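Participant: The structure under discussion is supplied below as structure tokens; questions concerning it will follow.
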């Protein structure tokens with residue numbers, strides 16, 4: 001097994017997908033702490049230690065998880081419903097943090113994670129305990145809000161059948177994602193120093209965007225009839241900028257031996273085509289061709305039909321179903337970040 005390839009995966013697409021959820025949580029906590037220091041008149045600006053606390057706790061958590069997954073296998077896999085709930089919680093938490101940073105209402109100050117009082121009394125340097133406690137706790141909790149690439153690595157850890165290899169896989173991947181998180185701490189430090197009074201508003205807007213995106217992705221995964229996409233579709237005025245590309249993608253569907261067949265390329269960041277037109281009551285087969293690289297698209301979901309499929313790299317995986325009702329059906333990745341639409345006529 002190539003651990004170097006796993007490290008590169010974490011360094012590239014893995015780091016980016018993990019930053020959507022986990023980076024948003026960390027950024028929210030860092031920004032909230034900056035605002036607290038600013039309010040108290042403190043000039044301390046050391047975000048490296050909180051980020052290191054987050055990363056060390058995350059590394060310990062994922063190495064432990066990899067050890068357990070490699071030992072006991074698929075019996076410990078997290079269910080889709082659990083992932084959806086945790087993603088909803090993560091999105092809601094980021095939105096609440098953002099509302100605190102934007103000073104929408106004092107009640108949102110209570111959402112910022114703080115250590116219990118008995119712990120701060122045990123540690124003489126209470127300010128340092130507050131700095132490190134929240135990021136460390138979040139680092140441990142990230143095992144419950146994995147990004148799609150992390151889920152793919154968990155499958156590798158399970159398939160390894162070895163506690164040592166499982167721990168190595170998850171540990172190597174987590175180390176690969178670390179540089180982006182360290183960069184996040186550096187950026188918050190630089191922006192905080194340069195634009196101290198404006199930093200909180202900027203961070204609030206960014207964290208709000210990440211929170212809304214995360215929450216919406218969970219709604220898409222749950223097959224909710226109300227998502228940002230469905231709201232957009234309900235807007236009566238729409239501008240078509242596709243130049244006819246959408247209609248051209250329909251020609252990708254061919255009827256072979258009575259089965260509507262569509263060949264779909266699966267990239268780490270989306271699908272091509274991402275819009276097709278099919279007929280109800282006739283069997284459908286999707287031939288999903290992965291193009292290399294890991295990402296949340298390595299898991300294919302059609303929430304409305306209850307279909308779920310794990311895709312292997314550089315291969316073609318078929319998914320078959322028969323749509324019975326007309327309308328739009330959404331397919332998506334494991335995080336609800338990337339999706340496509342089937343129009344059933």
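The values are calculated or read from the model by the stated rules, or taken from the named source; none is laboratory data. Bear in mind the structure is a predicted one, so any value in this text is a computation, not a measurement. Quick reminder, even Gly has a Cβ in these numbers, built from the backbone with ideal geometry, and neighbours come from all protein chains shown.
Participant: Among 121, 130, which is the only one that is surrounded by fewer than 19 Cβ atoms within 10 Å (Cβ to Cβ), part of a helix (DSSP H, G or I) and at pLDDT below 80?
Facilitator: Values: 130 fails: surrounded by fewer than 19 Cβ atoms within 10 Å (Cβ to Cβ).
121 is the lone residue from the list that is surrounded by fewer than 19 Cβ atoms within 10 Å (Cβ to Cβ), part of a helix (DSSP H, G or I) and at pLDDT below 80.
For (1) under 19 Å from residue 53 (Cα atoms); (2) in contact with a helix residue (DSSP H, G or I) (Cβ under 7 Å, 6 or more places away or on another chain); (3) in the same structural domain as residue 85 (by TED's automatic domain parsing); (4) modelled with pLDDT under 85, each residue gets a yes or a no:
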{"site": "140", "(1), (2), (3), (4)": "yes, yes, yes, no"}
{"site": "144", "(1), (2), (3), (4)": "yes, yes, yes, yes"}
{"site": "150", "(1), (2), (3), (4)": "no, yes, yes, yes"}
{"site": "165", "(1), (2), (3), (4)": "no, yes, yes, yes"}
{"site": "187", "(1), (2), (3), (4)": "yes, no, yes, yes"}
{"site": "194", "(1), (2), (3), (4)": "no, no, yes, yes"}
{"site": "200", "(1), (2), (3), (4)": "no, yes, yes, yes"}
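Participant: Looking at the range 314-333, which of its residues are under 14 Å from residue 290 (Cβ atoms) and in a loop (DSSP other than H, G, I, E, B)?
Facilitator: Residues satisfying the conditions are 314, 315, 333.
Participant: Residue under question is residue 271, and the condition is that it be touching a helix residue (DSSP H, G or I) at 6+ places or on another chain (Cβ under 9 Å), in the same structural domain as residue 340 (by TED's automatic domain parsing), closer than 21 Å to residue 12 by Cβ and surrounded by 14 or more Cβ atoms within 10 Å (Cβ to Cβ); does it hold?
Facilitator: So residue 271 fits the description; yes.
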